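Reviewing the structure listed below.
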Amino acid sequence: PFRSYQGLAPKEEIIISYEEEKQSWQENRAMTIVSNTDVERGATVIGSQTIFKYKPDGALKARIVPLGHRDPERNILRGDAPCMKPDSLRLVLSIAATKNWDTGEMDISGAYLQGEGWNRKVYIRPPAEDSCQNVFWLLNKPAYGLVDSGRIWYLTSDQALRKYGLTRSPKEYTLYTYRKNNEVLLVVLTQVDNYIYTGSKKEMEAFEN
C-alpha cells in the first residue's frame, strides 16, 4: 500500500528508493524483523514514516524515520550534540587560503545507522511502503528521528576521528587537527554527518581513503 505523494515521483521511483533505503538498514544491521506476536507486553512501540526527497543529481532519496515525538522516553534522554560554529568554518577556510591547500567535503552515507552504543529496546511499525505484514522492527541502531540519535552519532564520529589520529580542540568540539612534528597537516570540521576538511595533498587523500 503506497500513500499518495501528490505527484512527487512515479510509483516505480518510490518503490526503488524505498527498497534502497531498507537495504541500507539491513546492511548496517539497523533492525531485526520480528513477528508482532513476539513483541513483549509493555514494550516501547512507535510508528514510522518514509520521507522522500530529490537529491541535486536528480535521484529520489528515501529515508525511513521513526516517529520520535511519540517515544515515551524522549524527555529523559540526552540529545545534545555539538554544532559547527560559523567562526570555525571561517577559520578552516582561512587556514586553507593561507597554506594554499585544497578543501574537501564528505557526506557520510547512512551516518546514524552506523552509530555505536545504542542500548535501548525500541520497536517500530514498518512504514506504509513496506510489503511485510504483521511484523515489527526491533531497532539495533539509533535511526534518524529519535531524540538521542544525533548525540550517539556524534560520539561515534568523535571516537573514529580520534582513533584515526586526529586531536579534538578543547574549546571547539567539532574541530579536529592532525599534527606531525608539531606541524598541522590536516584540519577537519564536523557538522552532523558532514566533514569539511583541508590539509596537505597527501593527508587529504589518506583521510578520504
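The values are calculated or read from the model by the stated rules, or taken from the named source; none is laboratory data. Computed from a predicted model, the values in this text were never measured in an experiment. Virtual Cβ from ideal backbone geometry, glycine too; neighbours counted across all protein chains shown. Heavy atoms of the whole protein, side chains included, go into the accessibility calculation; ligands, DNA and RNA do not. Shrake-Rupley method; radii C 1.70, N 1.55, O 1.52, S 1.80 Å.
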Q.
Report every pair of residues separated by at least 6 positions or lying on different chains whose Cβ atoms are under 9 Å apart, first residue within region 32-47 and more than 11 Å from D71 (Cα to Cα), second open to solvent by less than 40 Å² (accessible area, probe 1.4 Å) and in a loop (DSSP other than H, G, I, E, B).
A. I33/P126
Q: Quick one: D130 ticks every box in (1) out of contact with any Leu (no Cβ under 8 Å at 6 or more places or on another chain); (2) modelled with pLDDT of 95 or more except a single one, so which number is it?
A: (2)
Q | Residue count for region 192-209, restricted to those that are farther than 19 Å from Y154 by Cα, surrounded by 13 or more Cβ atoms within 10 Å (Cβ to Cβ) and out of contact with any strand residue (DSSP E or B) (no Cβ under 7 Å at 6 or more places or on another chain) | A | 1
**Q.** Checking D158 against (1) open to solvent by less than 30 Å² (accessible area, probe 1.4 Å); (2) outside any loop (DSSP other than H, G, I, E, B); (3) under 23 Å from K99 (Cα atoms), the condition it does not meet
**A.** (3)
Q: Pull up region 81-107, narrow it to residues that are under 27 Å from T50 (Cβ atoms) and of a type in the set (D, E), then point me to the one that is modelled with the lowest pLDDT.
A: D107
Q: Identify, by number, the condition in (1) within 30 Å of T50 (Cβ to Cβ); (2) open to solvent by less than 90 Å² (accessible area, probe 1.4 Å); (3) in contact with a helix residue (DSSP H, G or I) (Cβ under 7 Å, 6 or more places away or on another chain) that P127 doesn't meet.
A: (3)
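For region 170-191, enumerate the residues that are touching a residue at least 24 places away in the same chain (Cβ under 8 Å) and either of a type in the set (A, V, I, L, M, F, W, C) or open to solvent by less than 30 Å² (accessible area, probe 1.4 Å) (or both).
Residues of region 170-191 that are touching a residue at least 24 places away in the same chain (Cβ under 8 Å), as a first pass: 172-175, 178, 184, 187-191.
Once the filter is applied, which keeps residues that are touching a residue at least 24 places away in the same chain (Cβ under 8 Å) and either of a type in the set (A, V, I, L, M, F, W, C) or open to solvent by less than 30 Å² (accessible area, probe 1.4 Å) (or both), region 170-191 yields E172, T174, L175, V184, V187, V188, L189, T190.
Would you check which residues across region 161-188 are in a loop (DSSP other than H, G, I, E, B) and farther than 30 Å from A30 by Cβ and list them?
Matches in region 161-188: S169, P170, K171, E172, N181, N182.
Can you tell which of L60, L67 is out of contact with any Gly (no Cβ under 8 Å at 6 or more places or on another chain) and either more than 19 Å from L139 (Cβ to Cβ) or hydrophobic (A, V, I, L, M, F, W, C) (or both)?
Values: L67 fails: out of contact with any Gly (no Cβ under 8 Å at 6 or more places or on another chain).
Result of the check over L60, L67: L60.
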Q | The listed residue being over 24 Å from I64 (Cβ atoms), surrounded by fewer than 18 Cβ atoms within 10 Å (Cβ to Cβ) and free of Cβ contacts under 8 Å to residues at least 40 places away in the same chain, out of T167, T103 | A | T167
Q. What single numbered condition from (1) outside any helix (DSSP H, G or I); (2) touching a residue at least 24 places away in the same chain (Cβ under 8 Å) fails to hold for L89?
A. (1)
Q) Tell me, which strands (runs of 3 or more DSSP E) lie completely within region 10-86 with 3 or more residues that are surrounded by 17 or more Cβ atoms within 10 Å (Cβ to Cβ)? A) 48-54, 60-66
Q. Does Y144 satisfy the condition of being in a loop (DSSP other than H, G, I, E, B) and of a type in the set (S, T, Y)?
A. yes
